[in-house]
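The values are calculated or read from the model by the stated rules, or taken from the named source; none is laboratory data. A quick note: this is a predicted structure, and the numbers were derived from the prediction, not measured. Heads up, the Cβs are rebuilt from the backbone with ideal geometry, glycines too, and the neighbour counts pull from every protein chain shown. Surface areas here come from the heavy atoms of the whole protein model, side chains and all, with no ligands, DNA or RNA. Shrake-Rupley method; radii C 1.70, N 1.55, O 1.52, S 1.80 Å.
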Amino acid sequence: MKIDLNNIDQLAWGKMSGLLPCTVQHALTGEVLMQAYMNADAIKESLSSGKTTFYSRSKERLWTKGESSENYLHLKAMYADCDNDALLIQALPDGPTCHLGNRSCFDDAPKPLLHELDALIASRKGADASESYTASLFAEGIKRAAQKVGEEGVEVALAAATEDKEELVNESADLLYHLLVVLQASDLSLEDVLEVLAKRRG
């Protein structure tokens, strides 16, 4: 159930003395950013302000993520699970979510695959070209990486046209990889593309 100001009362507030666990997910990448608790007032404040607000059990008050650091979590959507006793928030962070300065409070957990690949490719910038294929592409310049995108795009089209599904999957993986290299070489990232797609989705 998508949560709005009209259905807050339908949540199972009696199970945990007026608090519900809430998991925050990056609205673009799907990465889990943090976990906290909300009461009804925290939900209302989040929906009204657009900045994700929780109930702090230690402070015993409402707490807006970023109120001191300005690393706000901008609310995009809020959902209840099938039992209406847990919440999922999709949000866009202004900066690190974790108080330790990490992107996520679950920093050791695997990231979504494409996001992890994008970060790995970014880490190869400036690396020794003899140590990895990715570093060698950066060393050769963006024109070489762009050429590879063109070549892999043709291979994808040919595999699709000949209905070779195994080749289509393999060439698609190559295309995605080289596209991420071109984006990083242009000082862009997968998230920049996802932002455009999200806007087009409306």
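For region 42-48, putting each phi into the Karplus relation 6.51 cos²θ - 1.76 cosθ + 1.60 with θ = phi - 60° gives couplings of 5, 5, 4, 5, 4, 5, 6 Hz, in residue order, rounded to whole numbers and with x for Gly and Pro.
Just list whichever of K2/K199; K15/K44; K51/K111; K165/K199; K51/K199 have alpha carbons separated by over 22 Å in the model shown.
Over 22 Å apart, Cα to Cα: K51/K111; K165/K199.
Amide H to amide H, with H built 1.01 Å from N, K51 comes under 5 Å of L75, counting only residues 5 or more places away or on other chains. Given a cut-off of under 8 Å on Cα pairs at least six residues apart, what relative contact order in percent is computed for region 1-155? This gives 20 percent for region 1-155. Please report, to two decimal places, log10 I(q)/I(0) for region 1-75 at q = 0.13, 0.18, 0.22 Å⁻¹ as given by the Debye formula with identical point scatterers on the Cα atoms and no solvent. Debye output, listed in q order: -0.38, -0.73, -1.09. Taking all Cα pairs closer than 8 Å and separated by 6 or more residues, the relative contact order of region 8-52 comes to 30 percent.
At a probe radius of 1.4 angstrom, the accessible area of region 11-163 per residue rounds to 54 square angstrom. Per-residue ellipticity at 222 nm from helix content only, as computed over the chain with -39500 (n - 2.57) for each DSSP H run of at least four residues, stands at -13000 deg cm²/dmol. Taking the Cα of V154, stepping 7 Å toward and past its beta carbon, and measuring to each backbone N in region 107-148: which are under 12 Å? Inside the label zone: 147-148.
Figure note: D41, D108, D164 ranked by solvent-accessible area, largest first, 1.4 Å probe, ligands and nucleic acids not counted: D108, D41, D164.
With all protein chains present, how much of the accessible area of region 1-80 (probe radius 1.4 Å) comes from carbon and sulfur, to the nearest whole percent?
Whole-percent figure for carbon plus sulfur exposure: 43.
In the assembled protein chains, Y37 presents an accessible area of approximately 50 Å² (probe radius 1.4 Å).
Max-minus-min Cα coordinates of the chain on each principal axis give 58, 39, 26 Å, with the largest extent listed first.
Annotation note: GluC sites (Glu not before Pro) in region 123-152 located in DSSP loop regions with a Cβ neighbour count of at most 13 within 10 Å are E131. Which longest run of the chain has no exposed loop site in it, a site being trypsin sites (Lys or Arg not before Pro) in a DSSP loop with at most 16 other beta carbons within 10 Å, and the site itself not part of the run? Looking at the chain, 126-202 is the longest stretch - no exposed trypsin sites (Lys or Arg not before Pro) with at most 16 other Cβ atoms within 10 Å. From the alpha carbon centroid of region 144-182 to that of region 32-103 is 40 Å. List the GluC sites (Glu not before Pro) within region 1-85 that DSSP assigns to loop and that have no more than 13 neighbouring Cβ atoms inside 10 Å. When the GluC sites (Glu not before Pro) of region 1-85 are filtered for loop state and at most 13 Cβ neighbours within 10 Å, E60, E67, E70 remain. Taking amide H as placed 1.01 Å from N in the peptide plane, the amide H of M38 sits under 5 Å from that of L20, C22, Y55, each at least 5 places away or on another chain. Annotation: for a label point projected 7 angstrom from Cα along Cα→Cβ of S123, residues of region 149-188 with backbone N closer than 20 Å are 177-188.
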